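Comments concern the structure below.
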């Protein structure tokens, strides 16, 4: 059986990735370039935040100190959030948001697939639903990356710029440490590095159709799993936590 | 205990009545479908005099989940039961659990029903023909992966030119 602290850290990393990316996607609501995308992005945000809620709920039970989803989502300090840095990046333009979505979904698809066989039955149950939801996210983001990359000079240029900016953050998805090793040993989750071939294969197929050269990242950027965040995170949390900080304990 | 505050406690033979009360609750977003048509009502049991309904969400982030759970609890109370609703995540809901009756209701309501997926993710993305719920033509195009709710995609019929929702296969 895994160490409870590692189990909790693992669940919070996963939940925080989903909460923060869900929050970023929700920022597009009312600002998307077309009505269909104005519906699509909040819908994907709902999937991600729904998955985060289930994960926080489970984290509360694993921790056993009575904390629930709202405590984890709203009442922690920046250093306590363990999401990867890619998901907290500002949305940038539509190409940037779609490419980030593709990176994350292409990683989560094999992750959730493996998690359906997790030795943690609650995680396996969450994965059973999420694995189908993420398949739609990969398709949606993939179609946009192809359309933009194989589109006009302007759209292809924006996609290339997004790729250059996001590439240094991809490695962090596959980072391994004591937490991931304990999860793998306990049969709770795969080592993220084991998912890289599947991730690369998904991207390679889409990038080829998008006529996008695979971006190089000589200097990977990481730190989120240890709670070290970029400047963007503080601004994001100010918005995300505003209601609970202004009206502590507010419920509806 | 005061009589006025005591709800009628039904005997064990009333499981069917409790199930019928819960099963008649309609989905707030697609009000032609009941929770039984959708297949999200997994079970109703009487446990120590309490009617316990178990429901499973359609999507992780479905915003109607809480409304549906409250409506089922209210329906059971209305039928004279002490009631509790539990959320059951596993096995994960699939559109294959929508009943034949439910599919016919969706079609009549103007939503193209989901095709049967089985268990394979690959089958979700096989080449599928989505027939227009208005004119029946299969000459249709997907406009957006995500429609008015997470469970629907937006299509357009090329023959009658009408847009329509398609209940996605999941």
For q values of 0.07 Å⁻¹, compute log₁₀ I(q)/I(0) with the Debye formula on a Cα-only model of the protein assembly as shown, without solvent. -0.37
Set the Förster distance to 56 Å, then compute FRET efficiency between residue A:245 and residue A:152 from the Cβ-Cβ distance, nearest 0.05. 0.80
Taking the highest mean first, how do the peptides A:159-172, A:4-17, A:47-60 order by number of other beta carbon atoms within 10 angstrom per residue? A:47-60, A:4-17, A:159-172
Test item: B:89-95 mean partner chain Cβ contacts at 10 Å: 6
So what is the orientation-averaged projected area of region A:142-181, using the convex hull of its C-alpha atoms, in nm²? 3.5 nm²
Per DSSP H run of n ≥ 4, the term is -39500 (n - 2.57); total these for chain A, divide by its residue number, and report the mean residue ellipticity at 222 nm rounded to 500 deg cm²/dmol. -21500 deg cm²/dmol
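As an exercise, use a Förster radius of 22 Å and the Cβ-Cβ distance of residue B:158 and residue A:34 to find the FRET efficiency, rounded to the nearest 0.05. Don't skip to the end; give the middle numbers.
On the way: r = 20 Å, r/R0 = 0.90.
Between residue B:158 and residue A:34 the formula returns 0.65.
Let me know the mean shielding of B:60-70 by other chains, meaning the per-residue number of their Cβ atoms within 10 Å of its Cβ.
Numbers: counts 16, 17, 3, 3, 0, 1, 0, 0, 0, 0, 0.
Across B:60-70, the average partner-chain Cβ count within 10 Å equals 4.
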For region B:16-170, what's the relative contact order in percent, using C-alpha pairs closer than 8 Å and at least 6 residues apart? 18 percent
Could you tell me how far the Cα centroid of region A:1-47 sits from the Cα centroid of region B:127-164, in Å? 28 Å
Compactness summary of region A:146-211: radius of gyration and Dmax from Cα atoms, Å, are 15.9, 49
Test item: A:40-50 mean partner chain Cβ contacts at 10 Å: 5
According to a simple spin-label model (label point 7 Å from Cα along Cα-to-Cβ), what is the distance in nm between residue A:216 and residue A:196? 1.8 nm
Could you give the spread of the C-alpha atoms of chain A along their three principal axes, from largest to smallest, in whole angstroms? 55, 43, 33
Would you mind listing how long region A:133-252 runs along its three principal axes, going by Cα atoms, in whole Å with the largest first? 50, 39, 32
Relative contact order [Cα under 8 Å, 6+ residues apart], chain A, whole percent: 25 percent
Within the set A:176, A:22, A:64, GNM on chain A using Cα springs under 10 Å gives the largest fluctuation to A:64
Among DSSP bridges having both ends in chain B, what percentage is antiparallel? Round to the nearest 5. 65 percent
Nearest 10 degrees is fine. How inclined is helix B:100-109 to the longest principal axis of chain B, computing both from alpha carbons? 60 degrees
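Which of A:20, B:30 comes first, and how do the rest follow, when ranked by fewest Cβ neighbours within 10 Å?
B:30, A:20
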Share of Cα-Cα pairs in region B:36-80 beyond 18 Å, in percent? 29 percent
Considering only B:133, B:57, B:31, give the residue with the highest GNM mean-square fluctuation for chain B, with springs between Cα atoms whenever their separation is below 10 Å. B:31
For region B:29-170, place one equal point scatterer on every Cα, skip the solvent, and apply the Debye formula. What is log10 of I(q)/I(0) at q = 0.08, 0.20, 0.21 Å⁻¹? -0.25, -1.20, -1.29
Tail weight of P(r) past 18 Å, computed on alpha-carbon pairs of region A:82-145, percent: 43 percent
Percent of all alpha-carbon pairs of region A:185-252 at distances over 18 Å, whole number, is 69 percent
From the C-alpha gyration tensor of region A:19-122, pull out the three semi-axes of the equivalent ellipsoid (sqrt of 5λ each), sorted largest to smallest, in whole Å. 26, 17, 13
The distance between the Cα centres of region B:29-55 and region A:191-216, in whole Å, is 43 Å
Rounded to the nearest 500, what is the 222 nm mean residue ellipticity of chain B from helices alone, with -39500 (n - 2.57) per DSSP H run of 4+ residues and division by all residues? -6500 deg cm²/dmol
Proxy exposure order for B:42, A:178 (fewest C-beta within 10 Å first) is A:178, B:42
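Just so you know, all these numbers are worked out from the coordinates, no wet-lab data involved. As the structure is a computational prediction, the values presented were derived from the model and not from experiment. Cβ coordinates were reconstructed from backbone atoms using ideal geometry, including for glycine residues, and neighbour counts include every protein chain displayed.
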